[in-house]
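In what follows, a structure is listed as structure tokens, so that the remarks can point back to it.
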Amino acid sequence: MQKLLFHDRTSFRAQALFLGKKINLQRLENYVCLATMPLMVTVGEYGCAMLLGYGAVVLFNLEPAEKVGFLTQLSSQVSDSFTEPETEEVEVHLNVAESERVKEGKIFLHEFSVERLQIVADILAKSVVLSHYETSLATVFDQIEPFAASLQSHNRSKRKSRELLRQLGTTLLVQHKIVGRVEIIDKPELLWESPQLENLYLRLEDEYEIRERHNALERKLELISQTAQTVLEFMQHSSSQRVEWYVVILIVVEILLSLYDIIFKS
């Protein structure tokens, strides 16, 4: 049986935040658990929150003071927190008559059950994670074209190549994050227990363009990976050329020394 929340409300605000790289869910204390996998707890007088281990949290029906207090308490459990967390807000409305969907930027649900809010939170959390990496990858992606063009010139800086290579290496960790830990395009395990909510999940996933945005990120990551490989090949080629010249110089020096011995010491 699904547990219902907010009996006296017909609407409330939901807010998703991407706080950092990880939230330690094992050390949370003094919270009443509403659900697990994903974890949902009560917050404040009438609100609740869903917490994801990969660093996102989704707040439901919280007053401003309750939000500040909760996030302050939670901050000690967040690893590598972001200075300016990515955030996204939406209004959630109760509407039994129409189908569950997003309309005019608002989410309409048949009831405010824990399971439905978990589905909403899953989509909102994935959306803020995508937004965070869309922004961070945009900076690196903008550098790809001019750098690729610079590889054709004779004024190539090895120092800049190494700096860019380090930056590209850091960026490639995004793929591990969004595929390995966040599992952006994977359906939540909740749908195995509540298959009747799959239509709601698919509608929200389509409205927030989760798969399309994920695929766009994948294409950018692939291009960045190819660029990183090009940089490596360039650096290895340059290093190989230097070694070849060192060998040639040593051979020439040895020949000159031999000639010196033959001419002047014979």
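The values are calculated or read from the model by the stated rules, or taken from the named source; none is laboratory data. Note that this is a predicted model, so its numbers are computed, not measured. When we count neighbours, we look across all protein chains shown, and the Cβ atoms used for this are built from the backbone with ideal geometry, even at glycine. The accessibility values were calculated without ligands, DNA or RNA, using every heavy atom of the protein model including side chains. Shrake-Rupley method; radii C 1.70, N 1.55, O 1.52, S 1.80 Å.
So which aspartates and glutamates can LYS187 reach, going by Cα to Cα under 20 Å and dropping same-chain residues fewer than 8 places off?
GLU100, GLU115, ASP122, GLU198, GLU205, ASP206, GLU207, GLU209, GLU212, GLU218
Among the listed pairs LYS22/LYS126; LYS126/LYS220; LYS67/LYS220; LYS22/LYS67; LYS21/LYS103; LYS103/LYS220, which are separated by more than 25 Å between their Cα atoms?
LYS67/LYS220; LYS21/LYS103; LYS103/LYS220
I need the GluC sites (Glu not before Pro) found in the stretch 1-109, filtered to DSSP loop residues with at most 15 other beta carbons within 10 Å of theirs.
GLU29, GLU45, GLU98, GLU104
If ILE185, ILE210 are ordered by their accessible area, calculated over protein heavy atoms with a 1.4 Å probe, which sequence runs from highest to lowest?
ILE185, ILE210
Mind jotting down the three principal axis lengths of the stretch 1-71 based on Cα atoms? Whole angstrom, largest first.
In descending order, the Cα extents are 35, 30, 20 Å.
Answer rounded, prolate or oblate for the stretch 61-120, using the Cα gyration tensor with square roots of eigenvalues a ≥ b ≥ c: rounded when a/c is under 1.5, else prolate when a/b is larger than b/c, else oblate.
Cα axes put the stretch 61-120 in the prolate bin.
Got a number for carbon plus sulfur as a percent of the stretch 52-91's accessible area, 1.4 Å probe?
Answer for the stretch 52-91 is 47 percent, counting heavy atoms of protein chains only.
Over the stretch 16-113, one equal point on each Cα, no solvent: what is log10 I(q)/I(0) by the Debye formula at q = 0.14, 0.15, 0.24 Å⁻¹?
-0.57, -0.65, -1.33
With every protein chain present, what is the per residue accessible area of the stretch 2-136 (1.4 Å probe, Å²)?
Per residue, the stretch 2-136 has an accessible area of 48 Å².
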